[in-house]
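Peer 1: If you scroll down you'll find the structure; I have some questions about it.
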Amino acid sequence: MPSPVESASAIPMGTVSLRPEVPEDRLFLYKLYASTRADEMKLVPWDDSQKAAFLWMQFDAQATHYHRYYPNASFEVILLDGQAVGRMYIDRTGDEILLIDIALLPQYRGGGIGGRLLHELLSEAEAQGKPVRIHVERENPAMHLYARLGFQKIEDKGIYYFMEWRPGVQRHASQSAEQMI
């Protein structure tokens, strides 16, 4: 049975919880990954089978990379009322919390699930006195959420920004992603 997100309660859209990934999640995780690349795939002149082959290759490469370079990370499926709707990968080390990835199916984006999970993660980090770091693609619509939560750009890595949230830092709700970047 999945465990509820720490101090999570029923929220307007339902109850959000996390559970560890299992091998049976592979097809769901692929579909989730593919949904995050849908806009890119609209730009290439490939047929559906070529797109699927490319996405499977990229999905497998990403999964291999994450498990190889973050062997102690938690790889969890995000559930809404017991239904898989996303994934959240976190590497907790002695001096930081690295949010490796957080993704939701398109129909669940922008509805508060990611924000709730991030608030929980930031509360954990605050209690432990650790920064939270994340790589964010420049055009990621969630950039505004990260800005509202107080993440700051600490390094420009080309297509990604390396961002950081620090415990105890004064944050202003009026800070926008445009000001931050």
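Peer 1: Using label points projected 7 Å from each Cα along Cα→Cβ, tell me how many nm separate Lys42 and Tyr69, to one decimal.
Peer 2: 2.9 nm
Peer 1: By a straight-distance test (C-alpha under 25 Å), which lysines pair with Lys153 as possible cross-link partners, with residues fewer than eight away in the same chain excluded?
Peer 2: Filter leaves Lys130.
Peer 1: Quick one: if the Förster radius is 22 Å, what FRET efficiency do Val169 and Thr93 give, using the C-beta to C-beta distance and rounding to 0.05?
Peer 2: So the FRET efficiency works out to roughly 0.65.
Peer 1: Can you tell me which of Phe54, Phe151, Phe75 moves the most in a GNM of the chain? Springs connect C-alpha atoms under 10 Å apart.
Peer 2: Largest GNM mean-square fluctuation: Phe54.
Peer 1: Still on this model: Going 7 Å from the Cα of Ala52 along its beta-carbon direction, which residues of segment 15-36 have the amide nitrogen within less than 18 Å of the resulting point?
Peer 2: Within reach of a label on Ala52: 26-36.
Peer 1: Okay, next question. Residues with beta-carbon under 12 Å from that of Tyr108, excluding Tyr108: net charge, scoring Lys, Arg +1 and Asp, Glu -1?
Peer 2: +2
Peer 1: What does the charge add up to near Val44, with Lys and Arg as +1, Asp and Glu as -1, over the other residues with Cβ less than 13 Å from its Cβ?
Peer 2: -1
Peer 1: Kindly provide the helix-only [θ] at 222 nm of the chain, computed as the sum of -39,500 (n - 2.57) over DSSP H runs of four or more divided by all residues, to the nearest 500 deg cm²/dmol?
Peer 2: Details: 6 runs with 64 residues, N = 181.
Counting only the DSSP helices, I get -10500 deg cm²/dmol.
Peer 1: Place a point 7 Å from Cα of Arg26 in the direction of its Cβ. Which residues in segment 50-68 have their backbone N less than 11 Å from it?
Peer 2: 60
Peer 1: Let me ask something else. Bin all alpha-carbon pair distances of the chain at 5 Å intervals from 0 and give each bin's fraction as a whole percent.
Peer 2: 1, 7, 15, 19, 21, 18, 11, 5, 2, 0, 0
Peer 1: Moving on to the next point. Between Phe162 and Asp81, what is 0.36 nm times their sequence separation minus the Cα-Cα distance? Round to one decimal in nm.
Peer 2: That pair, Phe162 and Asp81, stretches by 25.9 nm at full extension.
All of the numbers you see were taken from the coordinates with simple rules; none came from a lab. Keep in mind that this is a model prediction, so the values were computed, not measured. Here the Cβ is made from the backbone with ideal geometry for all residues, glycine too, and neighbour counts use every protein chain on show.
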